[in-house]
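Below you'll find the structure, written out as structure tokens, and then a few comments.
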């Protein structure tokens with residue numbers, strides 16, 4: 001099926017519930033157009049049959065109405081009646097225009113609100129892998145600027161397109177009723193205008209797509225710079241960032257300047273064609289009027305209708321230009337809406353999560369052909385502390401992402417079970433609510449510290465928040481701020497140090513009170529003493545919970561019940577601390593190096 005049709009169908013699905021407002025707007029627009037067209041007929045009647053002596057030729061209903069207000073003689077004696085009808089028509093035009101604009105505005109905002117809500121909801125439910133592949137700036141641009149383009153088209157251009165079509169149809173009907181030859185002359189130009197507009201529609205459509213993508217790149221550069229402001233300042237990269245932004249900005253500006261040239265050509269030629277049409281009708285109409293082929297009133301009405309039809313036709317290209325922009329924006333929005341969201345299996349369950357976790361022959365790879373983890377098997381007993389050690393790229397974090405189903409383990413690549421239930425058979429929301437994760441680079445919102453901690457459980461009282469903060473060894477640091485827990489955290493947590501951010505993130509996860517807790521190198525930014533205090537507090541306060549510690553620091557892992565050593569995606573060794581240092585291997589090598597460094601640091605101190 002045609003992609004444009006599918007996009008249109010998807011966008012129209014948001015009209016549901018607001019169609020009545022669009023219908024009222026359409027009816028009001030028709031009334032407005034009819035009132036506009038009635039005005040030249042009153043002028044024609046006044047000039048030909050009231051001021052001049054041309055016989056009145058209207059249908060029986062209109063003739064009966066004229067007779068009821070005194071006929072020709074009565075109107076000649078009270079010519080203000082004609083002016084009154086023009087005024088009434090102007091009032092009808094104003095009221096219908098107001099109704100049309102009000103209802104189309106309400107309808108459009110309702111449609112766009114539904115679109116925004118569904119788009120945001122859909123993005124929230126898209127797989128983690130999709131978010132990794134797509135740039136944040138581009139997603140924001142699609143969710144804001146592209147939605148705004150669609151809103152502008154529905155609210156302004158669509159009603160204008162409808163009005164133009166009604167104007168052209170009624171104009172031609174009335175013009176044919178007055179003079180066929182003059183109408184045919186006008187019609188000769190209509191295909192030219194339509195063809196001309198169509199050519200520009202095709203040209204502009206491609207150029208708008210390139211400009212839209214360039215805007216997305218500009219959004220991305222801006223977003224990355226603002227979120228990474230600390231790194232930019234720390235390494236003195238302001239000049240480089242300014243140059244990079246300037247390059248993207250120049251390209252974006254150049255594309256819109258070129259589009260401006262294209263639009264300028266269109267408008268200029270459109271003005272010329274419109275002027276030629278009106279000029280030809282004025283010249284030929286004047287000749288016809290002088291020779292008695294048409295009356296003076298008909299000539300005046302004909303020129304009015306020609307102008308009324310010509311100008312909308314000329315702006316039809318602008319509407320098509322906006323349509324080309326809207327087509328591009330709608331496609332970019334629909335690309336997101338067509339992306340499949342995370343779906344639970346129909347027979348998904350919500351089991352008790354305080355059970356043994358087992359990885360059996362797990363193999364997983366991302367986009368490439370080389371597995372990140374290869375035939376990994378191990379078991380984590382419920383209520384124990386399990387540690388994972390491995391170099392960069394050894395697959396530590398990947399295993400936790402698979403456990404939490406940020407990535408789904410493909411069929412035939414092993415299994416991950418919790419209490420003998422495959423994680424792929426567990427409802428995602430239930431799974432993630434019962435697995436607390438603290439990442440090495442935690443994300444904090446631009447809110448107060450208290451709100452950042454309580455975001456996982458907004459109903460929590462202040463004592464509960466302070467309790468988890470104490471376990472995370474961050475309570476004293478927070479109380480040291482002038483506003484304490486009401487201190488506003490800067491965007492992405494720039495108000496806090498790296499260690500403070502990690503500890504606030506730990507407090508947040510602890511408040512979630514999950515049976516499984518994962519610390520993915522989340523103690524790397526705190527000193528060894530604080531690290532030890534946090535682990536000791538966790539051991540006392542969270543008895544019965546399964547703790548999974550990932551770290552490069554041996555002292556963080558050595559007290560664990562079981563330690564897994566990964567090397568290049570494979571299990572290199574597994575056992576207790578004492579068992580691992582009793583035999584040669586990666587763990588013992590790292591232990592010896594770190595212990596020697598500790599001794600050196602102790603001497604220096």
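Since every read-out is calculated from the coordinates, none of them should be taken as a lab result. As the structure is a prediction and not an experimental result, all values here were calculated from the model. Every residue, glycine as well, gets a Cβ built from its backbone with ideal geometry; the counts of neighbours run over all protein chains shown.
Here are the numbers:
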item	result
0 to 90° range, to nearest 10: angle between helix 3-12 axis and the chain longest Cα axis	90
At R0 = 45 Å, FRET efficiency that the Cβ-Cβ distance of residue 10 and residue 413 yields, to 0.05	0.85
The range 3-338: relative contact order in percent, alpha carbon pairs under 8 Å with at least 6 residues between	31
Residue-averaged 222 nm ellipticity for the chain, from DSSP H runs of 4+ at -39500 (n - 2.57), nearest 500	-21000 deg cm²/dmol
Counting all C-alpha pairs of the range 280-399, share separated by more than 23 Å (%)	70
Where labels lie 7 Å past Cα in the beta-carbon direction, separation of residue 483 and residue 134 in nm	3.4
Added length on full extension, which subtracts the Cα-Cα distance from 0.36 nm per residue, residue 589 to residue 279	102.3 nm
Extended-chain gain in nm, criterion 0.36 nm per residue less alpha-carbon gap, residue 339 and residue 447	35.8 nm
Simple spin-label estimate for residue 226 and residue 238 in nanometres, 7 Å along Cα-Cβ	1.9
Surface/4 estimate of mean projected area, convex hull on alpha-carbon atoms of the range 3-338, nm²	21.9
Relative contact order [Cα under 8 Å, 6+ residues apart], the chain, whole percent	14
Gyration tensor (alpha-carbon) shape descriptor, the range 492-547, a/c threshold 1.5	oblate
Rg over Rh, two decimals, the range 441-513 (C-alpha only, Kirkwood Rh)	0.90
Angle between the chain longest axis and helix 528-541 axis [Cα atoms, degrees, rounded to 10]	90
Gained length - residue 286 relative to residue 375, 0.36 nm times residue gap less alpha-carbon distance	22.9 nm
Rounded to 10°, Cα long-axis angle of helix 498-512 versus longest principal axis of the chain	90
Two-decimal ratio, the chain, of alpha-carbon radius of gyration to 2.2 N^0.38 Å	1.46
Alpha-carbon Debye profile of the range 492-599, log10 I(q)/I(0) at 0.17, 0.19, 0.21 Å⁻¹	-0.90, -1.07, -1.23
Order of 121, 521 - criterion: other Cβ atoms within 10 Å of each residue's Cβ, fewest first	121, 521
Spin-label pair residue 253/residue 181, simplified geometry with 7 Å Cα→Cβ offset, distance in nm	5.7
Euclidean distance between Cα centres, the range 408-423 to the range 119-173, Å	41
Percent of Cα pairs exceeding the 18 Å cut-off, where the set is the range 533-578	33
Sequence ranges 552-558, 96-102, ranked by mean other-Cβ count within 10 angstrom, highest first	552-558, 96-102
Sites residue 109 and residue 572, calculated FRET efficiency, Cβ-Cβ separation with R0 35 Å, nearest 0.05	0.05
Cα gyration tensor shape for the range 142-200, rounded if a/c is under 1.5, else prolate or oblate	oblate
The range 231-310: radius of gyration over Cα atoms, expressed as a fraction of 2.2 N^0.38 Å	2.32
DSSP bridge orientation in the chain - percent antiparallel, rounded to nearest 5	45
Size descriptor, Kirkwood hydrodynamic radius, that averages inverse alpha-carbon separations across the range 323-369, Å	15.9
